[in-house]
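The values are calculated or read from the model by the stated rules, or taken from the named source; none is laboratory data. Computed from a prediction, not measured in an experiment: that's the story for all the values here. When we count neighbours, we look across all protein chains shown, and the Cβ atoms used for this are built from the backbone with ideal geometry, even at glycine.
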Ligand code: SF4
Ligand code: SF4
């Protein structure tokens, strides 16, 4: 049995590929996008987390922890977790009556999670939907990802992987036979920005993308429009110039609107949100404008 | 998309209709006693005559004498009162509540009506003294009042103070024959069979009255044509139509719509009952529509305007309920239920241009009536699904969706012939019926399973007032195993079913004695052949529906008991029992455990869903062992309309972590709000585990979506796909509210700005600002499926 670490299963996912889908989020990511929508997916490790809005301040957790990893901060009675002491034994999670304590991920076998995904087969069938592996970077756990995808595919479910392809070639080879559609994130045209902001070189990513195309994989490039970062004319023009040059088939491009909702999550995880406070979603007109920038460079298929 | 769908999709609003709508909503609602005066006079004149004759004569007199009105610009005319949206006092049903509440009607929390000052002394000095002791309500109370009170905590016996509605008459026949043609049929039947009980005489009196009523509108329109030069031509048209209908059946589309409306006005004048359904209008109107289009006498824009004119009319009859009744059915729903789409007898798709015109009319008007229901099935075309989805996305909660794949087999299961089952339609909110040949007696009673469970846990003691209210089979502390608890629950349910059935029987019989309905009998198949009034079993099908309330709370409560008390033994039975006795006072930790440490219905967890299914199945099976007074079966409904709020007020704290007196789950088979947190697909899969065949009287599922989803074509397509999956999962019914919490909060704060905002309450749509505060809050609390992040 192959196990993996996931942090969420989202049924009725509408934006991770075609049709109605179930998106499986795998933990761990090599990049560090400052605006990451799923910050709990960056670390490959599982952490205990505490949701203040659920907590009824009963103190049970503090008394059950055998390692003294939990303490209460007066006067609001906030729960403090000492991660150096916590060994994830889960006793507090078990005993917390309000589900305020939980782990930000879980270990599951590929069979088990595939079974969970297959529950919505009726919905996939009627909508030409299916399963999408996302993250984090799902290809950080290649054999687990491959096994989940294989089982889904074997059961007639369409499979997609949302990836930055910022992974070794072997990870791509592990899954490529079980993937109907690669949704490849590409963020920066400029290698310097790529390196500085994401913390990874642009070159291996582009090489992997080209490799996928050379293997006749179906690829859709996704560009997340982040105010002040990716959503600039220069950057989009640069990306467009590159995409236009891709062979043998020029991949389609999908622009993803910025989603300010993630700000809440940052607050929850006690991190600071890197985008201007008042930045909202782009208007349909703005999105059209960005799409036009791409089209003018010669990109043929742009979806918004 | 079919060509005609494209054309209909682009039809604009009509200024005329917009103006009429505005005027209608601006008119003050009054209590009306005009018809009560006429009925009372005729009853005084006819002492000693048989009831059906007195009923027929008083209806005929009302049809001849009620003040009538036509508003310039109206294309469809007629109403049962001269004012619109009037609350009609109907003495034969019951007026003791009016006696108590008359002065407070203008100020009560739900469904307010103004009262004309001259009506108050008339009511007190004449109406009430004459009718006191003679009404349906009085007769029911005298006969079963005490027994009904004894079981009232678990069983609410209904239909005690008004004639039975929830009926779909044979509109097709009415249009084909007209009142004159039916009158001939009656005369022939009387000549052949004799008329010893004067049944045919009564029916004939009402048909003559209906013809006279139409003629009066013909005359009025002609008079008005002289005084309103701007509307002279169309008033003359209306006059010609109304006059013609007195002697012959309708020939054209406009005539057919007008004839249909006269039928429904007359039915309401006879019965003042909640809900007569036009049913499958897109099917039986198609010949009239098709002919007119073919000969060039009608085009789509004109047809739409006529339909919208009728849609306005459907909003002009509302239902006056007592204060407590208005809490169960808030927002005066009257249930003109129109079904569209579905299939033909041969299983082919039945949708046609009228189906889409109805959807367009709904989108344009966004009014609570008609209660628009779309029938879907395996082969429903994509364009129908997409247009339904788009209109749902506009937010008025309609169309609600019914699923042939679930409904037809369910109806077959209660003895409906195949030749009728495919042609099913909907009455009231979500109740299923055949077309034109059934007295389905929906909502005969509401059975509160959650209260029965409470009494099972407490040894028959009511948690709210400590009274002894049920069987004492032990308490939670005595049941050694989950199975023992379940066994006691079963006995408790059976005990109340056994007490309930004779009372339903009695109410049914008293209806047959007091509120016979000769006019209705003329448009329900088999009544004329049998020479028997519809209230006495004249219809071809005679069912009785009883609601089981509420599987979600039952599943969640039993799941919590099983997991925490019996399997994991984390909670002591005595501790839990004390906690629910104390309404969880000082027991928040335990309550949180119940909420969070046991699985909940609506999350695709088989064994929990199965607990809901199991008890619905038990209930339905027991009901089927009885037959009703008219010789038909009892069957189960899984819909509560807005009754989950008052029903909940009657139940103490429950093991699912619910506080005493708070609402039960909404709808009928919805999950408890906020407890289904695995998304809509998981909810639908859970719901599909409650076999829809058990809810052959109708089921109700509420879902709430964010408007975001409907902003793009792709979003609409995905929503349509979800509807397809719903069809495959064989769930009978689903309906949608589409709005954000902010929208609703704004409407609460500034009601005057949001008068138009309609929401789906239960199986019906009502104006949000006209709902009482607790119901508004409850609607906001229902789980919303947001657009995915
Ligand atoms: S056990 Fe849970 S609810 Fe109680 S204090 Fe700890 S986190 Fe809060
Ligand atoms: S998981 Fe275990 S070690 Fe960590 S805080 Fe909870 S009880 Fe303590």
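Details
Yes or no, residue by residue, for (1) in contact with a strand residue (DSSP E or B) (Cβ under 6 Å, 6 or more places away or on another chain); (2) under 21 Å from residue B:637 (Cα atoms); (3) buried (at least 24 other Cβ atoms within 10 Å of the Cβ):
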{"site": "B:362", "(1), (2), (3)": "yes, no, yes"}
{"site": "B:371", "(1), (2), (3)": "yes, yes, yes"}
{"site": "B:375", "(1), (2), (3)": "yes, yes, yes"}
{"site": "B:383", "(1), (2), (3)": "no, no, no"}
{"site": "B:387", "(1), (2), (3)": "no, no, yes"}
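- Residue within the stretch B:393-404 that is outside any loop (DSSP other than H, G, I, E, B), at pLDDT below 95 and either surrounded by fewer than 24 Cβ atoms within 10 Å (Cβ to Cβ) or in contact with a helix residue (DSSP H, G or I) (Cβ under 8 Å, 6 or more places away or on another chain) (or both) present: yes
Conditions (1) within 16 Å of ligand 2 (Cβ to nearest atom); (2) modelled with pLDDT under 95; (3) over 26 Å from residue A:166 (Cβ atoms); (4) not assigned by TED's automatic domain parsing to the domain that holds residue A:253, marked per residue:
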| residue | (1), (2), (3), (4) |
| --- | --- |
| A:15 | no, yes, no, no |
| A:30 | no, yes, no, no |
| A:34 | no, yes, no, no |
| A:66 | yes, no, yes, yes |
| A:78 | yes, yes, yes, yes |
| A:94 | yes, no, yes, yes |
| A:116 | no, no, yes, no |
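- Filter pass, residue B:71 being farther than 26 Å from residue B:159 by Cα and in a helix (DSSP H, G or I): no
- Strands (runs of 3 or more DSSP E) wholly inside the stretch A:1-51 containing at least 1 residues that are in contact with a strand residue (DSSP E or B) (Cβ under 6 Å, 6 or more places away or on another chain) and farther than 30 Å from residue A:61 by Cβ: A:3-13, A:21-26
- One residue from B:237, B:282, B:233, B:292 being in a helix (DSSP H, G or I) and touching a strand residue (DSSP E or B) at 6+ places or on another chain (Cβ under 8 Å): B:282
- Of all residues in the stretch A:44-54 being within 16 Å of ligand 2 (Cβ to nearest atom) and under 30 Å from residue A:167 (Cα atoms), the one that is farthest from the other protein chains (Cβ to nearest Cβ): A:45
Residues checked against (1) touching a helix residue (DSSP H, G or I) at 6+ places or on another chain (Cβ under 7 Å); (2) free of Cβ contacts under 8 Å to residues at least 12 places away in the same chain; (3) under 27 Å from residue B:409 (Cβ atoms):
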site: B:424; (1), (2), (3): yes, no, yes
site: B:448; (1), (2), (3): yes, no, no
site: B:455; (1), (2), (3): yes, no, no
site: B:465; (1), (2), (3): no, yes, no
site: B:480; (1), (2), (3): no, yes, no
site: B:491; (1), (2), (3): no, no, no
site: B:495; (1), (2), (3): no, no, no
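- When the residues of the stretch B:727-749 are filtered to those that are touching a residue at least 60 places away in the same chain (Cβ under 8 Å) and facing chain A (nearest Cβ under 9 Å), the one that is nearest to residue A:283 (Cα to Cα) is B:727.
- Candidates B:71, B:119, B:111, B:138 - the one that is over 25 Å from the mean Cα position of the chain (by Cα) and closer than 20 Å to residue B:321 by Cα: B:119
- Top-ranked residue of the stretch A:55-110 - restricted to ones that are within 14 Å of chain B (Cβ to nearest Cβ) and in a strand (DSSP E or B), ranked as farthest from ligand 1 (Cβ to nearest atom): A:102
- Residue that is surrounded by the most Cβ atoms within 10 Å (Cβ to Cβ), among those in the stretch B:704-723 that are facing another protein chain (nearest Cβ under 9 Å) and over 14 Å from residue A:15 (Cα atoms): B:722
- The single condition from (1) part of a helix (DSSP H, G or I); (2) touching a helix residue (DSSP H, G or I) at 6+ places or on another chain (Cβ under 6 Å) that residue B:191 fails is (2).
- Residue within the stretch B:614-624 that is surrounded by 17 or more Cβ atoms within 10 Å (Cβ to Cβ), touching a residue at least 24 places away in the same chain (Cβ under 8 Å) and within 11 Å of chain A (Cβ to nearest Cβ) present: no
For every residue, the table says whether it meets (1) closer than 22 Å to residue B:487 by Cβ; (2) free of Cβ contacts under 8 Å to residues at least 40 places away in the same chain; (3) more than 12 Å from chain A (Cβ to nearest Cβ).
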position	(1), (2), (3)
B:563	yes, yes, yes
B:568	yes, yes, no
B:575	no, yes, yes
B:605	no, no, no
B:627	no, yes, yes
B:633	no, no, yes
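- Count of residues meeting criterion [touching a residue at least 40 places away in the same chain (Cβ under 8 Å), in a loop (DSSP other than H, G, I, E, B) and in contact with a helix residue (DSSP H, G or I) (Cβ under 6 Å, 6 or more places away or on another chain)] in the stretch B:659-713: 13
- For the stretch A:111-141, the set of residues classified as crowded, with 24+ Cβ neighbours inside 10 Å and within 10 Å of chain B (Cβ to nearest Cβ) consists of A:120, A:123, A:124, A:129, listed by residue number.
- Only one of the listed residues (A:129, A:136) is on the phi > 0 side of the Ramachandran plot and touching a residue at least 24 places away in the same chain (Cβ under 8 Å). That residue is A:136.
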